[in-house]
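Colleague: Dumping the structure here so I can ask a few things about it.
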Amino acid sequence: MRSEQWIEFLDRRGERRRAPVRISGSGQPLLLLHGYPLDSRMWVPLMERLSPRFLCIAPDLRGFGESPEERLGYELDDLAFDARRVIEAIAPNSQLNLCGLSMGGYVAMRYMSAFGESVDRVILTNTRANADDAATQKVRRETAADALKHGAEQTVAPMLTKLLSQRTVESNPSAVDLLKQMMFSSKASSIAWAQLAMANRPDSLLELASWNCPTLCIAGADDPITPPEALQAIANRIPGASIRIDPNSAHMTPLESPDWFASQVLD
Ligand code: MLT
């Protein structure tokens, strides 16, 4: 890993912020937006493979990883704006490759909505474009309340079995360990704010039709959270988009199958 840097910036509401950012490689910038309840470490295996071709830039989103504890609520548009500020600091005036997994994919869609003209290519992985229905929003609000009442660990634990395929669990202990480290070091407030922000996110499906940059959608065949159909629905809307499905992964395709994922990106 080339470096971990702290980037200082003014956020969408004019507040001063600091974001820890993992950076490696050289070439055209590739912004990597992590999922929930994770952090930039989830990208390390992929960054090792893509660094010869790209300047990989992976921030810890608000409240996650090394990022300071988040005391106020936010919208996913705030996270997209934070990511834009990070890119302006590290790779100003460059056309961007944008990649987001799950919650990071939701943020990538908000990034496209606000800053799409500065993006060259997009990868959406293990994510969905539709907004939550009322039942899912209710579960998210309950999860947020649970996290604040009972703590992060108890709240995120049930998610663990949904994230990795059986094959990964049996054959890739370092991915399992890394995932546990990320999940079980997440903060209760981060769980709560992220759940509320995801519950309130707008539907991005209609906007996809206006994207005019090459887009690659990637799914894990065994993903119970954002199954291949969710990625297919995205690919169907974006002119010229393509979809690839990894037979060996569940929800964490870049972490579970980094060689396969890197070869799809480089293809
Ligand atoms: C994620 O992996 O980022 C989350 O599962 C997304 C979600 O809860 O919708």
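Colleague: Give me the lysines in straight-line cross-link reach of Lys149: C-alpha distance below 19 Å, same-chain residues under 8 apart excluded.
Modeller: Result set, ordered by chain and number: Lys138, Lys187.
Colleague: Can you put Glu66, Glu88 in order of accessible area, largest first, using a 1.4 Å probe? Before the final figure, lay out the partial values.
Modeller: On the way: Glu66 125, Glu88 70 Å².
The ordering from most to least exposed comes out as Glu66, Glu88.
Colleague: Further, regarding this structure: Any idea which of Leu101, Met112, Trp6 is furthest toward the positive side of the dipole for the chain, if Lys and Arg beta-carbons carry +1 and Asp and Glu beta-carbons -1?
Modeller: Result: Trp6.
Colleague: Which value, in Å² and to the nearest 10, is the accessible area of Ile245 when all protein chains are kept and the probe is 1.4 Å?
Modeller: Roll a 1.4 Å probe over it and Ile245 shows about 80 Å².
Colleague: Scanning the chain for helices, which whole DSSP H stretches are 27 Å or more long along the axis (Cα) and average 1.0 or more by Kyte-Doolittle? Walk me through the numbers on the way to the answer.
Modeller: Values: long enough: none.
Sorted by number, there is nothing, because no helix extends far enough and scores high enough.
Colleague: Which whole-number percent gives the relative contact order of the chain, counting Cα pairs below 8 Å spaced six or more residues apart?
Modeller: Numbers: 574 pairs, mean separation 54.1, N = 267.
About 20 percent, as a whole number.
Colleague: Let me ask something else about it. Summarise the long-distance tail of P(r) for the stretch 199-267 by giving the % of C-alpha pairs beyond 14 Å. Mind dumping the intermediate values first?
Modeller: On the way: 1408 of 2346 pairs.
Here the tail beyond 14 Å accounts for 60 percent of pairs.
Colleague: Round to a whole number: what % of the accessible area of the stretch 114-248 belongs to carbon and sulfur, probe 1.4 Å?
Modeller: 53 percent
Colleague: Taking θ as phi - 60°, what are the ³J(HN,Hα) couplings along the stretch 153-166 by the Karplus curve (6.51, -1.76, 1.60), each to the nearest whole Hz, with x for Gly and Pro?
Modeller: In residue order, the calculated couplings are 4, 4, 6, 8, 3, x, 6, 3, 5, 8, 8, 10, 6, 4 Hz.
Colleague: Cα to Cα, under 17 Å, and not fewer than 8 places away if on the same chain: which aspartates and glutamates meet these conditions relative to Lys162?
Modeller: Glu153, Glu170, Asp177, Asp222, Asp223, Glu229, Asp246, Glu256
Colleague: Separate question: Suppose all protein chains stay in the model; what accessible area per residue would a 1.4 Å probe give for the chain, in Å²?
Modeller: Details: 11250 Å² over 267 residues.
Using a 1.4 Å probe on heavy atoms only, each residue of the chain averages 42 Å².
Colleague: At what distance in nm do the modelled label points of Ser94 and Asp259 sit from each other, each positioned 7 Å from its Cα along Cα→Cβ?
Modeller: 2.8 nm
Colleague: Let me ask something else about it. How would Asp267, Asp259, Asp77 line up by accessible area, probe 1.4 Å, largest first? Before the final figure, lay out the partial values.
Modeller: Values: Asp267 130, Asp259 105, Asp77 40 Å².
Highest to lowest solvent-accessible surface, that is Asp267, Asp259, Asp77.
Colleague: With n ≥ 4 as the cut-off for DSSP H runs, can you work out [θ] at 222 nm for the chain, using -39500 (n - 2.57) per run divided by the number of residues, rounded to the nearest 500? Don't skip to the end; give the middle numbers.
Modeller: Values: 13 runs with 118 residues, N = 267.
The helix contribution divided over the chain gives -12500 deg cm²/dmol.
Colleague: Using only C-alpha positions, report the orientation-averaged shadow area of the convex hull of the stretch 119-159, nm², one decimal.
Modeller: On the way: hull surface 18.0 nm².
If you wrap the Cα atoms of the stretch 119-159 in a convex hull and average its projections, you get 4.5 nm².
Colleague: Taking the Cα centre of the chain as origin, sum charge times position over the Cβ atoms of Lys and Arg (+1) and Asp and Glu (-1), and report the length of that vector in debye to the nearest 20.
Modeller: Numbers: 28 positive and 33 negative charges, 62 e Å.
In total the dipole reaches around 300 debye.
Colleague: Further question: Share of Cα-Cα pairs in the chain beyond 34 Å, in percent? If you can, show how the numbers build up before the last one.
Modeller: Details: 3108 of 35511 pairs.
Of all Cα-Cα pairs in the chain, 9 percent lie more than 34 Å apart.
Colleague: Cα gyration tensor of the stretch 1-66, axes a ≥ b ≥ c as square roots of the eigenvalues: rounded (a/c below 1.5), prolate (a/b > b/c) or oblate?
Modeller: Numbers: a/c = 2.33, a/b = 1.58, b/c = 1.47.
It comes out prolate by the Cα gyration axes.
Colleague: Pick from Gln28, Gln95, Gln154 the residue whose mean-square fluctuation is largest in a GNM of the chain, springs joining Cα atoms under 10 Å.
Modeller: Gln154
Colleague: Can you list, bin by bin at 5 Å, the percent of alpha carbon pairs in the stretch 186-238, starting at 0?
Modeller: 4, 16, 18, 18, 21, 15, 7, 2
Colleague: Based on the Kirkwood radius over alpha-carbon pairs, what is the Stokes-Einstein translational diffusion coefficient of the stretch 56-171 at 4 °C with 1.567 mPa s viscosity, in µm²/s? Before the final figure, lay out each step's value.
Modeller: Numbers: Rh = 16.3 Å.
Once the numbers are plugged in, D ends up at 80 µm²/s.
Colleague: Any chance you could look up the accessible area of Trp6 with a 1.4 Å probe, heavy atoms only, rounded to 10 Å²?
Modeller: Number for this one is 110 Å².
Colleague: Further question: Remind me, relative contact order of the stretch 1-122 in percent, using alpha carbon pairs under 8 angstrom and six or more residues apart?
Modeller: On the way: 238 pairs, mean separation 34.1, N = 122.
Dividing the mean separation by the residue count of the stretch 1-122 yields 28 percent.
Colleague: Right, here's the next one. Residues with amide H under 5 Å of Ile243's amide H, sequence separation 5 or more or different chain, H placed in the peptide plane at 1.01 Å from N; which?
Modeller: The list, which skips near neighbours in sequence, is Cys217.
Colleague: What Kirkwood hydrodynamic radius do you get for the stretch 125-224 when you take the inverse of the mean 1/r over all pairs of distinct Cα atoms, in Å? Intermediate values should be presented prior to the final figure.
Modeller: Working: mean 1/r = 0.0641 Å⁻¹.
Every distinct Cα pair counted, the radius reaches 15.6 Å.
Colleague: Go through Asn248, Ser263, Pro37 and say which Cα lies farthest out towards the positive end of the charge dipole of the chain; charges sit on Cβ, +1 for Lys and Arg, -1 for Asp and Glu.
Modeller: Working it through, the farthest residue towards the positive pole turns out to be Pro37.
The values are calculated or read from the model by the stated rules, or taken from the named source; none is laboratory data. No experiment lies behind these values; they were computed from the predicted model shown. Cβ sites come from the backbone with ideal geometry, for glycine too, and all protein chains shown count toward neighbours. Calculation scope for accessible area: heavy atoms of the full protein, side chains included, ligands and nucleic acids excluded. Shrake-Rupley method; radii C 1.70, N 1.55, O 1.52, S 1.80 Å.
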